[in-house]
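Reviewing the structure listed below.
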Amino acid sequence: MSGAPSGAQSGPQSGVQPGPEQEPRRLLLLRHAKATTADPGPNAEQHDHARDLAERGRHDASSMGRALRRLSLKPDLVLVSSARRTERTWTLLGRFDDPQPVVTITDQLYLAEPFELLSVLRRTPDAMRTVLLIGHNPGIHQLALQLAGQDAPHSLQAGLGTCTLVSFVVRSGWDALGAHPLPNPEFVRP
């Protein structure tokens, strides 16, 4: 994705919105791929964080990576929950063309609530045009619903399956994300 011309700023801080010569930002929300079954034992939370991908999940993550490249959805920044299944999802998406995206793996996204996810996204530097967030339900689904607003498509209202990506066009700075609905999200499924 192309960035702003050298020295130019956009977004609410500068009062300049993306124009026709500059692509709007894009937010990609991806639920991790299918994981192994959770262990309901006494250390359930520890086991949950360490869950890996199931065979179907590994296949779906690789397929999703191919789809992202085919659709030219190359992230500049990737935000990944620290859980093993989200990290493996990111790894299996495969490499993108150079320059490689900045990748942040953080505990802050593990089973995060929508307001926590939004808080992280709002701190994204405006120079990052396309952001991929790989996280968990229910938070990532609830965030997608919140961003889409009351006119969210029925397919989004029905749920967010594993390794499903929701793509939003963002016409403001990242710090204003969520202030207005982001209509017509697009879906990519493996």
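Going through region 90-113 one residue at a time, which ones are in contact with a strand residue (DSSP E or B) (Cβ under 8 Å, 6 or more places away or on another chain) and either closer than 19 Å to PHE168 by Cβ or among the hydrophobic types (A, V, I, L, M, F, W, C) (or both)?
Passing the criteria: TRP90, LEU92, PRO101, VAL102, VAL103, ILE105, LEU109, LEU111, ALA112.
Residue by residue through region 44-61, note down the ones that are of a type in the set (A, V, I, L, M) and either under 22 Å from VAL78 (Cβ atoms) or touching a residue at least 12 places away in the same chain (Cβ under 8 Å) (or both).
Step one: list which residues in region 44-61 are of a type in the set (A, V, I, L, M), which gives 44, 50, 53-54, 61.
If the condition is that a residue be of a type in the set (A, V, I, L, M) and either under 22 Å from VAL78 (Cβ atoms) or touching a residue at least 12 places away in the same chain (Cβ under 8 Å) (or both), then ALA50, LEU53, ALA54, ALA61 are the ones that fit.
Among residues belonging to region 140-169 that are buried (at least 21 other Cβ atoms within 10 Å of the Cβ) and out of contact with any Leu (no Cβ under 6 Å at 6 or more places or on another chain), point out the one that is nearest to GLU23 (Cα to Cα).
Among residues in region 140-169 that are buried (at least 21 other Cβ atoms within 10 Å of the Cβ) and out of contact with any Leu (no Cβ under 6 Å at 6 or more places or on another chain), the one nearest to GLU23 (Cα to Cα) is THR164.
What is the residue count in region 23-49 for residues that are over 25 Å from VAL188 (Cα atoms) and either under 18 Å from the mean Cα position of the chain (by Cα) or surrounded by fewer than 13 Cβ atoms within 10 Å (Cβ to Cβ) (or both)?
Residues that pass the stated criteria total 8.
If you take just the helices (runs of 4 or more DSSP H) that sit entirely in region 33-152, which of them hold at least 3 residues that are at pLDDT 95 or above?
55-70, 84-93, 114-122, 139-148
Looking at region 62-79, which of its residues are of a type in the set (Lys, Arg) and either buried (at least 21 other Cβ atoms within 10 Å of the Cβ) or without any contact (Cβ under 8 Å) to a residue 40 or more places away in the chain (or both)?
Within region 62-79, ARG66, ARG69, ARG70 meet the criteria.
Any idea which of (1) assigned to a loop (DSSP other than H, G, I, E, B); (2) in contact with a strand residue (DSSP E or B) (Cβ under 6 Å, 6 or more places away or on another chain); (3) under 17 Å from ALA112 (Cα atoms) is the one LEU182 doesn't satisfy?
If we test LEU182 against (1) assigned to a loop (DSSP other than H, G, I, E, B); (2) in contact with a strand residue (DSSP E or B) (Cβ under 6 Å, 6 or more places away or on another chain); (3) under 17 Å from ALA112 (Cα atoms), just (3) comes out false.
Quick one: how many residues across region 132-151 are free of Cβ contacts under 8 Å to residues at least 60 places away in the same chain and under 13 Å from HIS180 (Cα atoms)?
Of the residues in region 132-151, the ones free of Cβ contacts under 8 Å to residues at least 60 places away in the same chain are 138-139, 142, 145-146, 148-151.
In the following step, the residues that additionally are under 13 Å from HIS180 (Cα atoms) were identified as 145-146, 148-151.
So the answer is 6.
The values are calculated or read from the model by the stated rules, or taken from the named source; none is laboratory data. Since the model is a prediction, treat every value here as computed from it, not as a measurement. Cβ: placed from backbone, ideal geometry, glycine included. Neighbour counts: every protein chain shown.
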